[in-house]
Amino acid sequence: MTTPCVLVTGGAGYIGSHVVRLLQERGSRVVIVDDLSNGVRARTEGIPTLEIDLATDAAPSAVRTLIDEHAVDAVIHFAARKQVGESVQRPAWYYSQNVGSLANLLLAIEGSTVGSVVFSSSAAVYGEPDTGAVAEDDPTRPINPYGATKLVGEQLLTASVAPLGISATSLRYFNVAGAGWPDLGDTAVQNLVPMVFQRLDAGEQPRIFGDDYATADGTCIRDYIHVLDLAHAHLAALDRLETRRGEGAEPEASVFNVGTGEGSSVREVIEAIARASGRELQPEIMPRRAGDPPKLIADPARITEVLGWRARRGLDEIVASAWQAHTA
Ligand SMILES: NC(=O)c1ccc[n+]([C@@H]2O[C@H](COP(=O)([O-])OP(=O)(O)OC[C@H]3O[C@@H](n4cnc5c(N)ncnc54)[C@H](O)[C@@H]3O)[C@@H](O)[C@H]2O)c1
């Protein structure tokens, strides 16, 4: 039997490169599709990479050639644009990029060796939920085009499983942070932890957007998930899909939250950064930002029950690993 081959789109990105490394560690064959618009080639040195914008017309046949050449069994689809603000400014481009890339990927998969797809979705599909901890069956009401593209992506996958004879899992990530290896840190600055690091590098104090929310310390509460825990969730999802496929199970679409079920406030994250960096931090309080729900926490019961996955790393470990990667 040949070693399974996994195609990772967006494999040169922050989360994708963690999954690529875990796949390699366990001996899978890996190929990557990435246009390197936000990826870093050095993260995945030596791995066959097709450099193409998945949203372009040339993508389906180019990706299909790659799938055929490597007899790809499964795809993990990370490639997407992920800046909420930019998606508000350019909604049509976000749809064409994020939905268009997935559509092209599915065109490439049609009638191929691929039987399983894992898709990067987001807690952004929930919008501003009324409840503290959201479960997969709670209403999905994205409040920006980025979140909408993720929801449409889930729907497109669900519609595709039966006709394509594939099974698919959408993973709704909560707030991803940390680094599993010092060379794989998050270089984006839209997320709280790298944003604070950037302020510190510039000799500035971190900022808190709103400290008058109805939470214990007045700042927003989020569910922070270590990128390495998240990467392991992908392997668990993939293994389940491939096992079901091996057993000849019917095509199926499933959705799982990936979070810890624990919340940390912005102030608590900044305190953890102060501990990890050894700096004294005095945050500046700014007005609230539009569209920030006071509290967004995952109910991770389903993923624990079905995939046997649970987060192992807490806030201090997340922040310390991110700081180590930042200073490496
Ligand atoms: N980082 C987070 O907090 C977070 C949270 C929820 C969901 N997600 C989702 O997880 C996935 C990965 O996120 P990340 O943080 O690793 O982002 P990232 O930007 O580091 O990785 C995305 C990768 O995809 C590539 N890419 C983007 N558009 C492409 C296209 N049209 N064609 C080919 N390649 C393309 C980029 O070059 C990059 O390497 C994304 O789908 C994102 O929406 C991320």
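Taken together, the values in this text are just the output of simple stated rules run on the coordinates, not laboratory data. Remember, predicted model here, so these are calculated numbers, not experimental data. Cβ atoms come from the backbone with ideal geometry, glycine included; neighbour counts cover every protein chain shown.
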Filtering trypsin sites (Lys or Arg not before Pro) in the stretch 248-289 by DSSP loop and by at most 16 other Cβ atoms within 10 Å leaves R279, R288, R289
Interchain or sequence-distant (5+) residues whose placed amide H lies within less than 5 Å of the amide H of G261 are A298
Compactness check, the chain: C-alpha Rg relative to the 2.2 N^0.38 Å globular estimate gives 0.97
Interchain or sequence-distant (5+) residues whose placed amide H lies within less than 5 Å of the amide H of A168 are V117, E252, A253, S254
Along the stretch 211-226, Karplus-curve 3J(HN,Hα) (6.51, -1.76, 1.60; θ = phi - 60°) to the nearest Hz, with x for Gly and Pro, reads 10, 10, 7, 7, 10, 4, 9, x, 9, 5, 10, 9, 9, 8, 10, 5
Of the stretch 52-74, those with amide N under 17 Å from the point 7 Å along the Cα→Cβ vector of L156 are 52-64
The exposure ranking of K82, K295, fewest beta-carbon neighbours within 10 Å first, is K295, K82
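Hey, what's the Cα Rg ratio for the stretch 272-328 versus the globular rule of thumb, 2.2 N^0.38 Å?
Working: Rg = 16.1 Å, N = 57, 2.2 N^0.38 = 10.2 Å.
Compactness ratio reported: 1.58.
What GluC sites (Glu not before Pro) does the stretch 204-309 have in DSSP loop regions with at most 12 other beta carbons within 10 Å?
The qualifying sites are E204, E247, E280.
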Expected unfolding gain across A58-Q198 under the 0.36 nm per residue rule, minus the alpha-carbon gap, is 46.7 nm
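Can you give the FRET efficiency to the nearest 0.05 for A249 and S37, using r as the Cβ-Cβ distance and R₀ = 41 Å? Don't skip to the end; give the middle numbers.
On the way: r = 36 Å, r/R0 = 0.89.
The formula returns an efficiency of 0.65 here.
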Among D299, D211, D229, the residue with the largest mean-square fluctuation in a Gaussian network model of the chain built from Cα contacts under 10 Å is D211
For the stretch 254-297, shape from the Cα gyration tensor axes a ≥ b ≥ c, cut at a/c of 1.5 then a/b versus b/c, turns out oblate
Calc'd 3J(HN,Hα), the stretch 256-271, phi into Karplus 6.51 cos²θ - 1.76 cosθ + 1.60 (θ = phi - 60°), Hz, glycine/Pro = x, comes to 9, 6, 10, x, 9, x, 10, x, 10, 7, 4, 4, 5, 5, 5, 5
Exposure proxy check on L315, L22: fewest-to-most Cβ neighbours within 10 Å is L22, L315
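I need the calculated FRET efficiency for the pair Q324 and T131, taking r as the beta carbon distance and R₀ as 35 Å, to the nearest 0.05. The partial results should precede the final answer.
Numbers: r = 35 Å, r/R0 = 1.00.
Working from the Cβ atoms, E equals 0.50.
Taking the Cβ-Cβ separation of T65 and A188 as r and a Förster radius of 41 Å, what is the calculated FRET efficiency to the nearest 0.05? Before the final figure, lay out each step's value.
Values: r = 31 Å, r/R0 = 0.75.
That gives a FRET efficiency of 0.85.
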Counting only DSSP loop positions in the stretch 1-77, the GluC sites (Glu not before Pro) whose Cβ has at most 11 other Cβ atoms within 10 Å are E45
Once amide hydrogens are built 1.01 Å from N within the peptide plane, the residues lying 5 or more places from V30 or on another chain with amide H under 5 Å from its amide H are V6
Length-normalised contact order of the stretch 1-132, Cα under 8 Å, at least 6 apart, in percent, tallies to 27
Expected vector for the stretch 238-253, Karplus 3J(HN,Hα) from phi with 6.51, -1.76, 1.60 and θ = phi - 60°, integer Hz, x for Gly and Pro, equals 4, 4, 5, 4, 5, 5, 4, 4, x, 7, x, 5, 5, x, 8, 10
Binned at 10 Å from zero, the C-alpha pair distances of the stretch 221-270 give percents of 22, 37, 24, 13, 5
Kirkwood calc, the stretch 126-173, C-alpha pairs only, radius in angstrom 12.0
Quick numbers on the stretch 50-206, Rg and Dmax over C-alpha atoms in Å, give 17.4, 55
Normalised Cα Rg of the stretch 83-167, dividing by 2.2 N^0.38 Å with N its residue count, works out at 1.19
